[in-house]
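Here the structure is laid out as structure tokens; the discussion comes afterwards.
The values are calculated or read from the model by the stated rules, or taken from the named source; none is laboratory data. These numbers were taken from a predicted model, which means no experiment stands behind them. Counting neighbours? That spans all protein chains shown, and the Cβs are built from the backbone with ideal geometry, glycine included. Calculation scope for accessible area: heavy atoms of the full protein, side chains included, ligands and nucleic acids excluded. Shrake-Rupley method; radii C 1.70, N 1.55, O 1.52, S 1.80 Å.
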Amino acid sequence: MLKKIFAKMGVGAAKVDLTLNENTYKLGEHVEGKIKVQGGKIEQHINFINVELWLEVRGRNGQFHTHKVASIPIVSSFLIREGEEKEWGFKYDLPMDIPISASNCSYFFQTHLDIEGGADAKDRDDIRIKAPEALYQFVEALESLGFREKHHSGQFNGYKQEFEFFPTSQFQRRIRELEFEVAVEDKGLRILLELDLPSFGREREIKREISFSTEELSNNKKLQQSLHQIIEEMIDNPASYEHFQPSHYQRGEYKRGMSGLGGAMGGFAAGMIGGMLLGEVMDDMFEDVAFDDIQEDLEGADDLFDGDFFSGDDEW
């Protein structure tokens, strides 16, 4: 009798553990692992096991907000006897349109063991989601042209994930900042490129949607040449790129920050958050100028190269 009472409170009850083959993955990669249930001190009926992928976003006020990306059913309705062990395989394909892990957003899997008439058991496993190889190739081409990533690049602001760079050599006097959003597609990358140009004491923003195939991305020299030509054309003819007309529309009904780059990183999460939090806390969490002001303060600082987002050395 005491065993049953304690088990209902979670003492001596069945436990669940998700073991992943890796803890770092790239967008779109296949996640695999094993789920083990260890029986407690009494026989218990399990209603179901599911695994949820959660995105955790930290606002500029330091508060964390979690959002469920996916729920993966594993098994339902079974009996676990005293001391018995059961095991199932776990498989899940990561989406391509969620934000990459960054300084203000991270991910974890939460495994939920629903126990009939007792306290449920849970297990949390943190993972890191990195950029796909195609995006690293694009960034390498940018770096070859003298662009360096800003310290807070890649932050997810509740609407989109934007990557920010500043020039250090040939474009230093002609460009204040280079920003881009990206959609990873089967045949390559589609990018919304934005240049901030100095113009009589103010910034002049110009935008252009560009695409690179997988083949183009794999040839760094040609990619560098193409990117150099694109940037030069934008600088030489800014009027042609001041009034950007998006050719695609993102999912969701959120308006602020919409770029028109369908399938862009963060687009899926933005649509999800848009229905949950925008009206409550997003305006307080992310002021339009907050990240921009931080970037301006950090530009040129010695620590800009510490924890480079695409170097593989950043921590979260």
Failed condition for residue 119, given (1) of a type in the set (Gly, Ala, Ser); (2) modelled with pLDDT of 95 or more; (3) within 30 Å of residue 88 (Cβ to Cβ): (2)
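On the basis of being in contact with a Lys or Arg (Cβ under 8 Å, 6 or more places away or on another chain), over 26 Å from residue 184 (Cα atoms) and not basic (Lys, Arg), does residue 115 make the cut?
no
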Do we find a residue being open to solvent by 20 Å² or more (accessible area, probe 1.4 Å), part of a strand (DSSP E or B) and either charged (D, E, K, R) or more than 30 Å from residue 61 (Cβ to Cβ) (or both) anywhere in the range 165-173? no
Taking the condition modelled with pLDDT under 95, under 30 Å from residue 41 (Cβ atoms) and open to solvent by 30 Å² or more (accessible area, probe 1.4 Å), does residue 89 pass? no
Members of the range 171-228 that are within 25 Å of the chain's Cα centre (by Cα) and among the small types (Gly, Ala, Ser): 183, 188, 211, 213, 218
Filter the range 30-53 down to residues that are surrounded by fewer than 16 Cβ atoms within 10 Å (Cβ to Cβ) and within 19 Å of residue 100 (Cβ to Cβ), then give me how many there are. 1
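So if I check each of 106, 71, 77, 101, which one is open to solvent by 50 Å² or more (accessible area, probe 1.4 Å), in contact (Cβ under 8 Å) with a residue 12 or more places away in the chain and closer than 29 Å to residue 160 by Cβ?
Result: 71 is the single residue among 106, 71, 77, 101 that is open to solvent by 50 Å² or more (accessible area, probe 1.4 Å), in contact (Cβ under 8 Å) with a residue 12 or more places away in the chain and closer than 29 Å to residue 160 by Cβ.
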How do the strands (runs of 3 or more DSSP E) wholly within the range 16-122 filter down when requiring 3 or more residues that are touching a Cys at 6+ places or on another chain (Cβ under 8 Å) and within 21 Å of residue 265 (Cβ to Cβ): which remain? 44-58
Please determine whether any residue of the range 211-222 is assigned to a strand (DSSP E or B), open to solvent by less than 60 Å² (accessible area, probe 1.4 Å), in contact (Cβ under 8 Å) with a residue 24 or more places away in the chain and not acidic (Asp, Glu). yes
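Restricting attention to the range 193-204, does a residue exist that is open to solvent by less than 30 Å² (accessible area, probe 1.4 Å) and within 23 Å of residue 67 (Cβ to Cβ)?
No, the range 193-204 contains no residue that is open to solvent by less than 30 Å² (accessible area, probe 1.4 Å) and within 23 Å of residue 67 (Cβ to Cβ).
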Could you grab the pairs with beta carbons closer than 6 Å, sequence gap of 6+ or different chains, first residue in the range 127-151 and open to solvent by 40 Å² or more (accessible area, probe 1.4 Å), second one in a helix (DSSP H, G or I) and of a type in the set (Ser, Thr, Tyr)? none
